[in-house]
Amino acid sequence: MLNCLVVDDSKVIRKVARHILESLNLKVDEAADGREALEMCDAKLPDVVLLDWNMPVMSGLDFLKELSRRDLPQPPKVIFCTTENGVDHIRAAVDAGADEYVMKPFDRDTLESKLQIVGIL
Amino acid sequence: MMISPPNRAIQRLGDLLSRHTGQALSESRRWRIETSLRPLMRERDFPSLDALLAAIDRDTDGTLLLETIDAMLNHESSFFRDIAVFQAIERKVLPALHEHSREKLLRIWCAGCSTGQEAYSLAMMIKRMGALWDGWRVSIHATDVSPVAIGKAKSGRYAQIDMQRGLPINELLRWFTPVGEDWQIADEIREMVHFQTDNLLDPRRLSGTYDLILCRNVLFYFPEDKRRLACDHIAHHARQGSYLVLGAGEMLTGGNNPFSTCRELSCVYVAERPMSGIGRLAG
Ligand SMILES: C[S@@+](CC[C@H](N)C(=O)[O-])C[C@H]1O[C@@H](n2cnc3c(N)ncnc32)[C@H](O)[C@@H]1O
Ligand SMILES: [Mg+2]
């Protein structure tokens, strides 16, 4: 079973995401900020990360930068979640190493299609 | 308590839909008719289906009729819908067509293209394949019975929700510009597709044969006889070696169609016989 790490400071978003991802047969772990997510990745690398952009302690962008510094042979796929549709914003995430993006609020079909695009489903 | 829908009005609306598109209203869709028409009725202040029908009878230029039919159709679509099918087109079908063509000409037809995502996905895919198509003439002809859908398709403007499903981030960054809350597709992609209103059961805009035909999630809505007619028209515009792509779970009807399934590629068919046997639509 593939592993998904949901990183978001909102408990509600994590709960919604968990519900959807589990229905898509993924095993879900949760982290409330980038720092916590990084620690979890160091302990056990997930297959895919659903990553919020704005979080206290460590933002999504900083998490991505830290993760790429690790030079992992098989880095997890990263789908970043945002509430803004600015191109600059999306481009910054791609440049930092994100594989896909999803706008909040998202639904099952949307997440499913993004997971297919990154090759997880 | 279930309130039975006003049967005469629904019957008439079903007849209008059938006359203009060939689609038959299934029992379950009959129940949803009023729901699909509610936004239009609210916008125009029609208190009932009967009031809407009366206005259609009075309306001389037929616009209201078109809008009513459009509201009854299912236009659901998305970029790269069923990603595995698009992967099969990119990795198997297009390379095969590329290899076997002598004239460096690729003609694609999207039948029932709805609001354009399918045709634009193909255009973006061809761009993505890069130099392979250098020096080729590539044309994408996309048709739908609904002028409303065709209008939206031509505009190339999509809401955020349409962008969410299926469109890879790199294609978004490469080909779309935000316009307010929406996204506008680049002219370079838009110009690759020729959109026209046309009825698959009585096509008047098609010419010659196409190397690749997509007719996905369209046949499903037709009753048996209409599905057969649509298949005949599709066959008539295929040549030996043309590929046909249907929606998931859709099947061809009519014993006389030239298409066979492609091994290991679901939803993809190839015309194996020459079309000479399908002469009855000619002329
Ligand atoms: C569910 S959409 C499918 C869109 C797209 N092919 C896809 O799979 O994403 C079906 C489309 O078929 C169109 N359609 C229905 N009857 C038709 C007919 N007789 N001729 C051409 N198009 C038709 C509808 O207007 C609608 O846009
Ligand atoms: Mg947040």
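For peptide A:111-120, the mean count of partner chain Cβ atoms within 10 Å of a residue's Cβ comes to 4. Buried accessible surface for the B/A chain pair comes to about 1500 Å², total over both chains, computed with a 1.4 Å probe. Put the Cα centre of region B:203-260 next to the Cα centre of region B:88-105 and the gap is 19 Å. Rounded to the nearest 20, the size of the Cβ-charge dipole of region B:83-281 about its Cα centre is 340 debye, with Lys and Arg at +1 and Asp and Glu at -1. What the phi angles of region B:65-71 give under the Karplus curve with 6.51, -1.76 and 1.60, with θ = phi - 60°, is a coupling list of 4, 4, 5, 5, 5, 4, 5 Hz, glycine and proline written as x. Annotation note: trypsin sites (Lys or Arg not before Pro) in region A:52-121 located in DSSP loop regions with a Cβ neighbour count of at most 16 within 10 Å are A:R70. Under the combined filter of DSSP loop state and at most 13 neighbouring Cβ atoms within 10 Å, region B:140-230 retains these trypsin sites (Lys or Arg not before Pro): B:R204, B:R205.
Can you list the lysines whose alpha carbon sits under 23 Å from that of B:K154, skipping same-chain ones fewer than 8 residues off? The qualifying lysines are B:K127.
If exposed GluC sites (Glu not before Pro) are those in a DSSP loop with at most 15 other Cβ within 10 Å, what is the longest stretch of chain B that has none? Formally, the longest exposed-site-free interval is B:104-180. For the protein assembly as shown, A:C4, A:C41, A:C81, B:C215, B:C231, B:C262, B:C267 have no disulfide-compatible partner, since no other Cys C-beta lies under 4.7 Å from theirs. Put +1 on the Cβ of each Lys and Arg and -1 on the Cβ of each Asp and Glu in the protein assembly as shown; which of B:A238, B:S139, B:W175 then has its Cα farthest toward the positive end of the dipole? Checking the options against the dipole of the protein assembly as shown, the answer is B:A238. About its Cα centre, the dipole of the protein assembly as shown is roughly 1160 debye, where the only charges are +1 on Lys and Arg Cβ and -1 on Asp and Glu Cβ.
Taking Cα centre as origin and charging only the Cβ of basic (Lys, Arg, +1) and acidic (Asp, Glu, -1) residues, the dipole magnitude of chain A rounds to 180 debye.
Dipole of chain B computed with +1 at Lys/Arg Cβ and -1 at Asp/Glu Cβ about the Cα centre; of B:A71, B:Q184, B:T21, farthest Cα towards the positive end is B:T21. When Rg and the Kirkwood radius Rh are both evaluated on Cα atoms of the protein assembly as shown, their ratio Rg/Rh stands at 1.01.
The values are calculated or read from the model by the stated rules, or taken from the named source; none is laboratory data. What you see is a predicted model; the values in this text were computed from it and never measured. For neighbour counting, all protein chains shown are included, and Cβ atoms are generated from backbone atoms with ideal geometry for every residue, glycine included. Please note that ligands, DNA and RNA were not included when accessible areas were found on the heavy atoms of the full protein model with its side chains. Shrake-Rupley method; radii C 1.70, N 1.55, O 1.52, S 1.80 Å.
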